[in-house]
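Everything on this sheet refers to the single structure shown next.
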Amino acid sequence: MARIADFALDFIREPLRQPFGFKGGSLSELWQVVCRVELDDGRCGYGVGVQSVLWSDGAVFCAHTQTGGNALMLSVTERALQLLKGEQFTSPPMLQKKIFDAVYAYAKTALQADKLSATFVLNALVPVDFALWQLWAAEKSAQTFDSVCADFCPELSGRQHILGEIPLLSYHTSDEEIRRQLADGAFLLKIKLGAAAEGGADAHAMSRWDAERLRHIHELASAFCTPYTECGHPVYYLDANGRYPDRAELERFLEQADGCGALERVILLEEPFAQDNLQDAAGLPVRVAGDESAHCAQDAKTLIDRYHYGAIALKPVAKTLSATLEIYREAHKRGVPCFCADLTVPPAMLEWNMQVAARLETLPGLHVGVVESNGPQNYPDWARLRALHPVPEASWLEPHRHIFRLPEKFYACCAAFLPLDAYAAMLDKGEEM
C-alpha cells in the first residue's frame with residue numbers, strides 16, 4: 001500500500017463584509033487553508049479548510065490578535081501534515097485517530113495552553129482530512145458520496161430533494177438585512193446569542209440583551225408565512241456558543257422569550273453551556289443541541305444520555321468528515337436528529353456540508369431538510385469563491401428563495417471528490433492566493 005510522501009500548505013486571507021459577532025467577540029476576516037497530500041506513487045489529494053479560532057476556542061481568540069490566533073492554528077495544520085509524512089495510507093478516520101493525540105499535544109505546547117478545546121485541533125485538521133478523503137475516493141474508484149462513506153457510516157442514507165438554506169443573524173445583522181432574508185423566503189433563522197452586553201461579562205445583562213434581540217427579530221418575522229415549517233411561520237435556531245453560565249440564567253432567558261411569544265417558534269437551542277460546564281437539559285421547553293462539545297462518538301453519547309440533549313450539530317466543514325461520521329452514527333443509534341451547520345465556508349466546502357445534509361432526516365418542526373450557508377452574507381466576493389468550486393456552474397449551488405434543489409446529478413457524481421483544480425494550481429505554483 002502507498003505511503004504519504006510529501007505535502008504542501010498555504011492560506012488565503014478572506015475579509016468579511018462587516019464584523020462577525022458571536023461568542024461575545026467579533027472577527028473581521030477568515031483564513032482559508034489549502035493543502036496537498038502526496039503519495040509515493042504520485043497521486044495527490046487536495047483539501048480546503050476555513051479557520052475559526054473564535055468559534056473553536058474563545059479563550060485562544062481572546063489571548064491573541066486575530067492574525068496571531070490564525071497563525072497558531074495554521075501551525076497545527078502543518079504539524080498534522082508533518083506527522084502523516086511517511087505513514088502508510090489507510091483510511092482517513094484511521095489516519096486521523098493515529099495522529100490526533102500528538103497533534104493535540106503539539107497544539108497545547110504551541111499555544112502555551114493548559115486547557116485547549118479539541119474543536120480547535122479538529123478545525124485545524126479539516127483541510128488535511130478532506131485531502132485524505134479525496135485520495136480515499138480515488139483509491140476505491142468511487143464517485144458517489146454513498147459509496148465512499150458506506151463502510152464508515154451506512155446509517156447516512158437519506159435522500160432529500162431540496163434543502164432549505166439557513167441564514168445567520170449575528171449581533172451586527174441589520175433590520176434591513178433581516179427583512180430582506182425573510183422577504184426572500186428564509187424560514188429558519190439562525191440567531192447568535194451571548195453578546196457581551198454593554199461590553200461586560202454580566203450574565204444577567206447578556207440574557208436581557210439576548211431576550212430583547214430575539215423579541216425584536218420575532219417582531220420582524222411575525223408578518224411572514226412559509227410552507228416549509230409545521231407552524232406555517234419562520235422558526236428560530238438559537239446559537240449560544242457556550243455563553244450561558246448555568247441553567248438558571250438560561251431559564252431566565254427562556255421565560256423572557258416565552259413572554260414575547262417567540263419561544264414557541266424556537267426549534268433548536270444550540271450549545272447553551274460551555275464544554276467544561278455542561279448541565280442537564282432535561283425538562284427545558286426547547287430542543288437543546290450540542291455543537292462544539294461533540295468531538296467524537298463518546299461525546300455525542302454523553303450529551304444525549306447524561307445531559308439529555310435532543311439534537312447534534314454536524315460540521316464536516318469544521319470538525320472533519322471523519323469525526324462527523326462517527327458522531328452521526330452515535331446520534332442515529334439513539335434516535336436523536338442531526339443537522340449541518342456552517343463555518344462561513346466557500347462553495348467548495350459547502351459541497352461537503354450539502355452532501356451530508358442531503359442524507360439526514362428532516363428536523364422536527366420542519367417539512368424539508370436544511371443546511372446552513374452564511375458565506376454569501378459574509379464574503380464580499382462570493383462569485384470569485386464560487387469559481388474555485390470544482391463544478392462552479394452546478395445548479396445546486398445557487399439557492400432560489402432560500403431553497404437548494406438537488407438534482408440526480410448531485411447524488412450520481414459527488415463534486416466533493418472531484419479535483420480542486422483552481423486551488424491546486426495556486427498551491428502548486430506558489431502564487432499569491
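Within the range 193-345, what whole-number % of the accessible surface is contributed by carbon and sulfur, with the 1.4 Å probe and all protein chains included in the calculation? With neighbouring chains kept in place, the figure for the range 193-345 is 47 percent. Its Cα gyration tensor gives the range 190-271 an equivalent ellipsoid. The semi-axes, each the square root of 5 times an eigenvalue, are 23, 12, 11 Å from largest down. The gain in end-to-end length when the Ala205 to Ser91 segment is fully stretched comes to 36.2 nm, 0.36 nm per residue minus the alpha carbon separation.
For Ser293, no residue 5 or more places off, or on another chain, has a built amide H under 5 Å of its own. The local environment of Asp6, defined by Cβ-Cβ distances under 11 Å, has a net charge of +1 under the rule Lys, Arg +1 and Asp, Glu -1. Each residue of the range 156-168 was assigned a 3J(HN,Hα) from its phi angle through the Karplus expression (A = 6.51, B = -1.76, C = 1.60, θ = phi - 60°), giving 7, 10, x, 8, 8, 9, 9, 10, x, 7, 9, x, 10 Hz with x at Gly and Pro. Computed over protein heavy atoms with a 1.4 Å probe, the accessible surface of the chain works out to 37 Å² per residue. Taking 4 °C and 1.567 mPa s as conditions, the chain diffuses translationally at an estimated 60 µm²/s according to Stokes-Einstein applied to its Kirkwood radius (Cα pairs). Sites listed here are trypsin sites (Lys or Arg not before Pro) in the range 376-433 whose DSSP assignment is loop and whose Cβ has at most 14 other Cβ atoms within 10 Å: Arg401. Label positions at Ala383 and Ser174, each projected 7 Å from the Cα along the C-beta direction, are separated by 2.1 nm. Rounded to a whole number, what % of the accessible area of the range 378-433 do carbon and sulfur atoms account for, probe 1.4 Å? Carbon and sulfur atoms account for 55 percent of the accessible area of the range 378-433. To the nearest ten degrees, helix 347-357 and the longest principal axis of the Cα atoms of the chain are 70 degrees apart. Restricted to Cα atoms, the range 42-130 shows a radius of gyration and a Dmax of 13.0, 42 angstrom. Computed over neighbours whose Cβ is under 12 Å from that of Pro390, the net charge equals -2, Lys and Arg +1, Asp and Glu -1.
Here the range 100-223 is treated as a Stokes sphere of Kirkwood radius computed over C-alpha pairs; at 4 °C and 1.567 mPa s its diffusion coefficient rounds to 67 µm²/s. Counted by Cβ distance under 12 Å from Leu156, the other residues give a net charge of -2, where Lys and Arg count +1 and Asp and Glu count -1.
Largest GNM mean-square fluctuation among Ser170, Ser395, Ser322, using the chain with Cα springs under 10 Å: Ser395.
Distance between the pseudo-spin-label points of Gln143 and Asp258 (7 Å out from Cα toward the beta carbon): 5.5 nm.
Taking the longest Cα principal axis of the chain as reference, the axis of helix 66-84 is set at about 40 degrees. Computed over the alpha carbons of the range 253-365, Rg followed by Dmax gives 14.3, 42 Å. Select from Ala110, Ala131, Ala415 the residue whose mean-square fluctuation is largest in a Gaussian network model of the chain (Cα-Cα springs shorter than 10 Å). Looking only at Ala110, Ala131, Ala415, the largest GNM fluctuation is found for Ala110. Seen against the Cα atoms of the chain and their longest principal axis, helix 321-333 is set at about 50 degrees. Computed over Cα pairs, the Kirkwood radius of the range 151-230 leads via Stokes-Einstein (1.567 mPa s, 4 °C) to a diffusion coefficient of 86 µm² per second.
Per residue, the convex hull around the alpha carbon atoms of the range 170-308 comes to 117 Å³.
Taking 35 Å as R0, compute the FRET efficiency from the Cβ-Cβ separation of Arg215 and Lys409 and round it to 0.05. FRET efficiency, Arg215 to Lys409: 0.20.
For the range 117-229, the relative contact order works out to 19 percent when only alpha carbon pairs closer than 8 Å and six or more residues apart are counted.
The values are calculated or read from the model by the stated rules, or taken from the named source; none is laboratory data. Computed from a predicted model, the values in this text were never measured in an experiment. Here the Cβ is made from the backbone with ideal geometry for all residues, glycine too, and neighbour counts use every protein chain on show. Areas reflect the complete protein model, heavy atoms only, side chains present, ligands, DNA and RNA absent. Shrake-Rupley method; radii C 1.70, N 1.55, O 1.52, S 1.80 Å.
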